[in-house]
Each structure stands twice: as C-alpha cells, then as structure tokens.
Amino acid sequence: MNLSYYPGCTLKTKAKNLEDSAVASMAALGVNLVELPRWNCCGTVYSFAEDEELHQLAPVRNLIRVKEVESNKVVTICSFCYNTLKRANLLITNDPEKRNTLNTFMEEEIDYNGEVEVVHLLEVLRDEVGWQSISQKVQLPLKGLKVAPYYGCTLLRPQAVAIDNVERPTIMHDLLQALGAEVVDFPFATECCGSYQILSNPDFVSHCVWDILSSALRWGAEAVALSCPMCDFNLGQKQKELRQTHSGFKGIPILYFTQLLALSLGLDPEVCRFELNYVDPRPLLESKGLLRQ
Amino acid sequence: MLKRIGVFICHCGLNIAGTVDVKRVVETIKDYPGVVHAESYIYMCSDPGQDLVRRAIREKGLDGVVMANCSPSMHEKTFRNVVAKEGLNPYFCEVANIREHCSWPHEHEKELATKKALLIIETTIEKLKRNMELTPMVVPLHKRALVIGGGIAGMQAALDIASAGYEVIIVEKLPTIGGHAIQLAGTFPTLNRVPCLMAPRMAEIASHPKIKLYTCAEVEDISGYVGNFAVKIKTKPSYINEERCNNCELCLGECPVTLPAEFDRGLSQRKAIYLTPREAIPQKLLIDPGSCLHFNGNECHACEEICPTKAIDFLQQETIAEEVVGAIVVATGYEIWDKMNVPEYASDPDVIDGLQFERILSPSGPTGGEIRRPSDGKVPKEVVFISCVGSRDPEHGFTYCSRVCCMYIAKQAVLYSRTVPEGQAYVFYMDIRSDSKGYEEFVKRAVEEERVLYLRGRVSKVFRDGDKIKVWGSDTLSGKSIEIAADLVILATAMTPSEGAKELARKLNVTVDALGFLTEAHPKLRPVETLTTGIYLAGTAQWPRDIPDTISSSSGAASKVISLFSRKELLHEPTVAWPDEEVCSGCGICASICAYHAIEIDPKRRVARVNEAVCEGCGACIAACPSGAMRQKNWTAMQFFEMLDVATGAYV
C-alpha cells in the first residue's frame, strides 16, 4: 500500500530518528510512505487569531500538494504537523467564506475544497494495519520493558481533531501492548509538556517536565514513548537540568513510538538513530536484551 | 347544513388584537354566506364573553357557532359546554385557531395576519356547516389503578388512590419496593434518617387490603383505553418455594458465586442466591439466574443440597398475570449516569458516585455507617465533592440541571463533617441551586456552621497519586488553580430516566422527550397527565425531582385518577373513524397501521370494524385506506374539500 506522507521540517533535522524509524517500520509492515513533492512548512502552530487567513496558506498549500498527486489521504508523523494540517483542513471544509478567500488568494494553485483526509501515523497503524497484524509481525517482543505512553496535546486537542478519546486515550497503549511491552498507565500522559514556553519561560517548562517524568517514574516506567518532536525536545533536553535540581533523579529515556516499533519488528537498530535521542536509550534496551546486532 | 352561524372573535387581550385587525374581521365575516351574527370581545373565555355567546344563540336563533380564538386544546371544551347550555349539540361549535396559528407566528405582518385570520375562520365555517349532531359514547370504567414502579413516587400514588377506596396494583421490576429512596442515608434539609420515612409507608403498602403488589415483575403488554386497560404482567420466578423456606439462610453460605451487590452499588458482595436488603419489603430470598451457575451450563446444586426443607425449585417458570384497570400511573423513576462515562474523573475505586456515598453514610450500608473508603477501608480525612458531572453539559448530552445534586451534596457533606469531625469536605460547584423551602438556609448552615468548604469552579482532572487522589480544579472567585490531595472523591453524576422507560412508553403509547423523560400533556396546565387519556405521570420518570416534589407530583397523579374514578360513567369523543361497508374490501391496511389497535377485520363479512371506544380519531386509517371507504365523523372528505376551496381560493 502506498500512502502520501508529509514529513515536516523537524523530521528532516532534529527528529531524523523519528522519520527513519517510521519509514523503515512502515515498509516492514507493507506500507510505503511516499514523500510529497514540494512540501513546505506546516504552519507550526495553529493560529488563534480571528484574521488568520494568511497563516492558513502554508498548511493549505501542503494539502493542495496532496490533491495534485491525486491522493485522498496524507499521513503525518509529527504531532504538530498533524494538528495544523488537520485543523486547516477542517476550516476549509466548514468555512466556505474563508475557503473562498484562500482559494482566490492562491490563484496560481488549483482550488482546494477539503478533498484530502489528514491522518496521523498511529491512526494508520490502528485502522489500516491493525494491532493484531502488527503483533503477528513482531520479531522481538519488548518483553519486560516498562514503557509509559505519553500523548501530549496536539494529537488529542481540540476534540474535533482527536485521534482517540480526548481524556483517556489508549491508542499508543494498544500499540505498545501489541509490541509486547509492559505498558505503564500514568496520570500525566495527556498533560502539556510546556511546548514553546521553552523559549520565553523555560522554568515553567522545567516544572511541566518534572511533573510528567516523576509521575511516570513513580508509576514504574523505565522509558517514555511519544510521537511529538516538541515533547521529545522538552522531555529529553530538560533532563540534564533536572538531574541537577532534583537529587536522586537519574534520567529516563524518551523514545519515539516508531523506534520501539522498528526494534520489535526486528529491523536493524541503525534505523532508529538512537544517537539522536537526548537521553541514550541503548543501555536500557541492552539490559533488556532488545538490542541485537 | 347549518344556516344560522354565529362567529365570535376573541381579542385575547393584545395576543390576537395586537396583530389581527379584529374590527375588520367582524365587519368582513358578518356578510359571509351562512353567517347571521359576528362580534368580538376582549376575552371570550371570561364569564361576560361566554354570556355574549349564549345571548346571541338565544336572540339570533343560531344553529352553529365558530369561536375564533386560541387553540382548541385550550378552550374547545369550554365553548362546547357553553353552546350545550343553550340546547345546541356541542359538536355544532368549532374553534378557529387564530392565535397559535396566526397572530403569534405573524406578529410583524399585521395585514397578512388579518387576511389569514379571515381565511382560518371561513374554512372553519365551511366545516361547521357540514357537521353532524354527535353524542359522546359511554364506555365502561374499571375503578382499579395500575401503578408502574414501586419507588417513593409509585408508593405515594398507590397509597393515595387506595386510601380513596379504589384497588391498586403495583408492578415493581426489582424484588423490593422502595426504589432508590431506601438506598439513601438521610434527607435534606431536615437530615431525617430514611428508614423513619420509608419503613411505615412500605409496611402500609404491604398490608393494605386494597393494594396488590407484583415484585420482580414487568408490564409485558398493554391494550385498551381509559377505563379499560388490559394489562399483562410478567413475574420472574424466585426459584424458592416460599411456603417451604424457613429462612435458615444455610444456602447463602453454600453458594459458590460472589458478585457485587446492586443495592450497595457494588460496595458489598452478594451470592447468586441472596436475600433482599434489610430495608426491603417484601423480605425475600431469591436466585439470580443471570449469575447462578445452575442456569449457566453448570451442574451446581449447592443450595439445593444444603436446604433442609427442600425449598429450592430450579424448575419454577415465569408467570403472566392479566389485570384490567381503568387508569395507569407511570412512576418508573431514575438512574444516575454511570461515572465511567467520565474517564478523566473516574478511574479509581476511591472515586465514587453520589448513591455509593449514600450507602457508605447509611447505618445499614456496607461499612455499617462508618465512613470508610472502598480501596483500603481508611477513614477519609479529605473529601471532595464534584457537582454537575454530566448535568448542564451538552457535550455529554445533558442540557439540563439534575436539580437534586446541590442539595444532596450539602447533606452528604454535613453528614460527613459530623461523623468525621477532624475531616474536611470540599465542594466544587458551578452555581448552588437551593430554591425550595429551607434549602438555602441549609446550604448556608453547611458553609457557616458545618465547615464545608465551597469552591466555585470546575475540576479538570482527578488522578491517583500514591495513597491520595489528586484533584485539580479552579477557584474562579480567587482566580487560582487548586490542587487537593483527597482521600475520597464523590461525583454528583446526572440523573437520567431509568432503563427501559422508553420501551415501556412505547407500549403505553405515551411520548418521551429528546432526553428520554416521559412527556406531560401540557408543561404548565396538565403537568401530571400524558396525551393518552387515563395515563398519568409521577416522580422522576418525568423530570429530575427531589422527594418533596416527587411526592407532590405523585399525589397530583393520584388525585387525577381519583377524580376519574369518581365519575359514574366515562365519555368518549364521538369523532371516530367508520368504514363504509359498501366500499370496504377488507384489505386490512387500516388495521395494520392503527396505533391504538382499534380496527379489526370482520371475519364473516370481510370488512373493517372500528372499536369506537378505542379509536382516538387520529385519521391515520383514513389516509391509508386505498378505496376511500374509511371516513371520520365530522372530518369527512367533503368537509376537507370545501375547506380547501376556501383556503386556496385566492391562489386559483
């Protein structure tokens, strides 16, 4: 199966480990992620301004790229890209006036009327591949690895774009279970990581990250799995500081769910690019016998 | 054909006259063919208004009357009685609805509204001209009542009707009467213990010579009409031979199946063979076939083997009883919304719903009246109440306020504070709704004298943190976020109609609203009646209510039944369907679509027969009849044609 795939900027830079492990895993599951031609920035953060049309140009242009390749579906892997593209698509579908303004403004492009469906990779795994067929393809079950799934906010909020139950999502739980991991359900799985506050209010983000990580540890997690490069940045990069400020805190590896997927499907660990993770997960994975050469 | 018709136009204050030019209507209509008199008055339904009508009938020798005023559901009866007093057949009075159908919807189009009012009146005149003289039918009246539901509402209605001297049948789904009320620990605002309220009433019902009680029973089928409802009641077996059982309770110890007890809302356990709770009437031993191994493909005979009197009877079958009653009170009560619908709050055994906390507070509850939390039996020192869980939250499908939660939270918080003096109760609320007698004072006392801390704001999240349950909320009065490390959290979840109420409503031919509550005939003027004559509503089946409101509505329903039963005979509207036997081919389409089961096909002559006492005159069979054989008295096709000619005359 071929699916149009929108990578976004971070997956080509800081989160190369997310992209490589995702593309390789999906190939192993029989899904070919075909990168869109001429994609541009997703818009990064959905606009809350009333006068937002200009901000919507970037995401809508990307959806036009999808329409141009005659695809009716586009897969995103980054949670932020998912959120911006999905919401821009909803706006185009539900607001004929703004749709008209945007189409008129982009006169050099073909008209876009919401023909494309925006999905996240986790949805593809659940709805197209299926948990059962994933678990059948697992070569190296993540036995004994206690992983806490962390969802962050952009996969779930607002409700109109949620990929699962907003308050108690289970989609990543289900995936990790299919991979044979011991899933740790902890109460901060949907709390905010602090997001872009890292730029203007880094101390606040330290608070957020500490709350999330200490809760995951208290509930017995050895690693945290997530899908968002923004969350990964905050939850990973902040740990250096937290080790100074919280005695006894030794750090906890943060992994993209795709890295765990690749590992369990028996792919070469090289595709996981573990060297890009802020906290090196390899000692933990080795101790569990999950790193084969 | 009527030839001397009078037309009376009501101003209804400014309701009609503010929009419709009534003077012009009078001037125009008095020259209409067949009209010999026309006048208007500010309130036709008032005494002087009615006198105008009577005087005109006498002085002008009117043979028919058109009343142009409000909807016939308001005053048709009034004016038919008025003309009857002057010796006219009441069916020679027709209502032209120029308020609901004209002046109200066309408030801003005065000219058009006046024209429309004239057309409505003219069509009504054309109908009236061709009316027949009709006499209401006398139908038999069985002076026995059926009460569906044996909760506090059904009990009140039954006692009221029985004490007026009429027989009452109560059908209760559960093994015991008393409903949710006997689960409660106390009442607001007086903090009465519930057994003191309920026990004497329940005992009175059990021993009342006029009351017959069916428990573990459901209404299987209902047919008939006011005065003559035939009811089939299905009773589930208890699998106990009550004459043999000596209440030794040996069987309870032998039964290998343990499951959460419904009465304690899962906070205690029961066996598959179990006794109704101590509060219950009747006290009864029964086997629950849903969980009993014997009924689920297993050879278990544990209770049968230990029973010294051979009272266990696995072969008992359900029984169907048939009763004929004249009136029905529906008192099917409420359920509370399952807390698991709000996963952001309820994923922990120490997050409970309001009824579970009633059981914990109750002296006969699972903790013997000591306040202990479910997870580890510790006495909770910090208790958080969350109001409006579901209620007033359209996102969860509840647009309404459940009306009892604010008060029961205050009651529970006070009972808690008194039992655990070193503890602290917190209440998160949106608004405090305490609008009945003594309620505001009670809440005030809870705040000022009983140390209950009220926080105005919503809770965003509840989660386990070691031994504690963290509650995150906001206090919108101080503008601060709040975190409480609680030991127990109580959710006041929304009150919903009880399970099966919708299905029962369908059997009874009564309507439910979009939320599933039974609908009254008129929200203001007929609050305890349904649109099906002879069926009345009591308690929370209709709308969330507290105990005093439930008692009032139940007594209201009972008084309607009593006033119905106080009549010598029952009259039925004669505007019913009748088949023209010469045309009818006996195809049976009419019988198959009749919602009231009023039509049968005569097996001998192969023509339709209408049971006039059952026919409600809805007209469905007339529309469905392929040969035009079915007619309705005073709503004939001819009348419709004449009316249509007038109504569409301006457009042809």
Check your understanding: Using alpha carbon centroids, what distance separates the stretch B:194-209 and the stretch A:105-143, in Å?
Key -> 63
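Determine the percent antiparallel among the DSSP beta bridges restricted to the stretch B:337-495, to the nearest 5. List each step's numbers first, then the result.
Numbers: 14 of 31 bridges.
If we restrict to bridges inside the stretch B:337-495, about 45 percent are antiparallel.
Rank by packing, highest mean first: peptides B:440-450, B:212-222, B:541-551, with packing defined as the count of other Cβ atoms within 10 Å averaged across residues. Before the final figure, lay out each step's value.
On the way: B:440-450: 15.9, B:212-222: 19.1, B:541-551: 21.5.
Highest-to-lowest ranking by the protection proxy: B:541-551, B:212-222, B:440-450.
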Review point. What number, in percent, do you get for the relative contact order of the stretch B:573-633 if the mean sequence gap of Cα pairs under 8 Å and at least 6 apart is divided by its residue count?
Key: 48
Check your understanding: Can you list residues whose amide H is under 5 Å from B:Q632's amide H, if they're 5+ apart or on another chain and H is modeled 1.01 Å from N?
Key -> B:W578, B:A637
**Study point:** Whole-Hz couplings from phi, Karplus 6.51/-1.76/1.60, listed for the stretch A:181-190; x for Gly and Pro
**Key:** 7, 8, 7, 9, 8, 10, x, 9, 4, 10
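Pull up the DSSP beta bridges for the protein assembly as shown and report the antiparallel fraction as a percent, rounded to 5. Show your work: numbers first, answer last.
Numbers: 53 of 121 bridges.
Bridges in the protein assembly as shown that DSSP calls antiparallel: roughly 45 percent.
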Study note, to complete from the structure: Once normalised by the length of chain B, the mean sequence separation of its alpha carbon contacts under 8 Å that are 6 or more apart gives a contact order in percent of 13
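Could you work out the relative contact order of the stretch A:16-67, using alpha carbon pairs under 8 angstrom and six or more residues apart, expressed as a whole percent?
Dividing the mean separation by the residue count of the stretch A:16-67 yields 33 percent.
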Review point. Under a no-solvent Debye model with one identical scatterer per Cα of the stretch B:57-162, what's log10 I(q)/I(0) at q = 0.18, 0.24 Å⁻¹?
Key: -0.87, -1.24
Check your understanding: Each residue of the stretch B:393-398 in order: what ³J(HN,Hα) in whole Hz does its phi give by Karplus 6.51 cos²θ - 1.76 cosθ + 1.60, θ = phi - 60°, with x for Gly and Pro?
Key -> 10, x, 4, 9, x, 10
Review point. For helix A:79-94, what angle does its Cα long axis make with the longest principal axis of chain A, in degrees from 0 to 90 and rounded to 10?
Key: 30
Study note, to complete from the structure: The exposure ranking of A:S287, A:S25, fewest beta-carbon neighbours within 10 Å first, is A:S287, A:S25
Study note, to complete from the structure: Of the candidates B:H396, B:M407, B:G377, the farthest towards the positive dipole end of the stretch B:356-407 (Lys/Arg Cβ +1, Asp/Glu Cβ -1, centred on the Cα centre) is B:G377
Point to revise | Residue-wise HN-Hα coupling along the stretch A:255-272, computed from phi with Karplus coefficients 6.51, -1.76, 1.60 (Hz; x: Gly, Pro) | key: 10, 6, 4, 5, 5, 5, 5, 4, 4, 6, 7, x, 6, 4, x, 3, 5, 7
Exercise for review: At 0.36 nm per residue, minus the direct Cα-Cα distance, what do B:K468 and B:E441 gain on full extension? Give it in nm, one decimal, please.
Suggested key: 6.4 nm
**Study point:** Alpha-carbon centroids, the stretch B:227-289 and the stretch A:266-284: separation in whole Å
**Key:** 61
Check your understanding: Can you give the net charge of the other residues whose Cβ lies under 9 Å from the Cβ of B:T235, counting K and R as +1 and D and E as -1?
Key -> 0
Review point. Picking from A:L54, A:L226, A:L90, which is most flexible by a Gaussian network model of chain A using Cα springs under 10 Å?
Key: A:L54
Exercise for review: Towards the positive end of the charge dipole of the protein assembly as shown, with charges on Cβ (+1 Lys, Arg; -1 Asp, Glu), say which of B:A331, A:S227, B:A486 has the farthest Cα.
Suggested key: B:A331
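Given a Förster distance of 56 Å, report the FRET efficiency between B:E448 and A:L54 from their Cβ-Cβ distance, rounded to the nearest 0.05. Present the calculation step by step, with values, prior to reporting the outcome.
On the way: r = 56 Å, r/R0 = 1.00.
About 0.50, to the nearest 0.05.
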Study note, to complete from the structure: Within the set A:R273, A:R243, A:R61, GNM on chain A using Cα springs under 10 Å gives the largest fluctuation to A:R243
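Per residue of B:454-461, how many C-beta atoms from partner chains lie within 10 Å of its own C-beta, taken as a mean? All intermediate terms of the calculation are to be shown ahead of the outcome.
Numbers: counts 0, 0, 0, 0, 0, 0, 1, 5.
Mean partner shielding for this stretch: 1.
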Check your understanding: Amide H to amide H under 5 Å from B:R526: which residues, 5+ apart in sequence or cross-chain, H placed 1.01 Å off N in plane?
Key -> none
Point to revise | Cut-off under 5 Å, modelled amide H: who pairs with B:Y454 long-range | key: B:V427
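At a Förster distance of 30 Å, what's the computed FRET efficiency of B:A620 paired with B:T648, Cβ-Cβ distance as r, to 0.05? Present the calculation step by step, with values, prior to reporting the outcome.
Values: r = 24 Å, r/R0 = 0.81.
Working from the Cβ atoms, E equals 0.80.
Coordinate-derived values only; no laboratory data. Since the model is a prediction, treat every value here as computed from it, not as a measurement. All Cβ positions, even for glycine, are placed from backbone atoms using ideal geometry, and neighbour counts span all protein chains on display.
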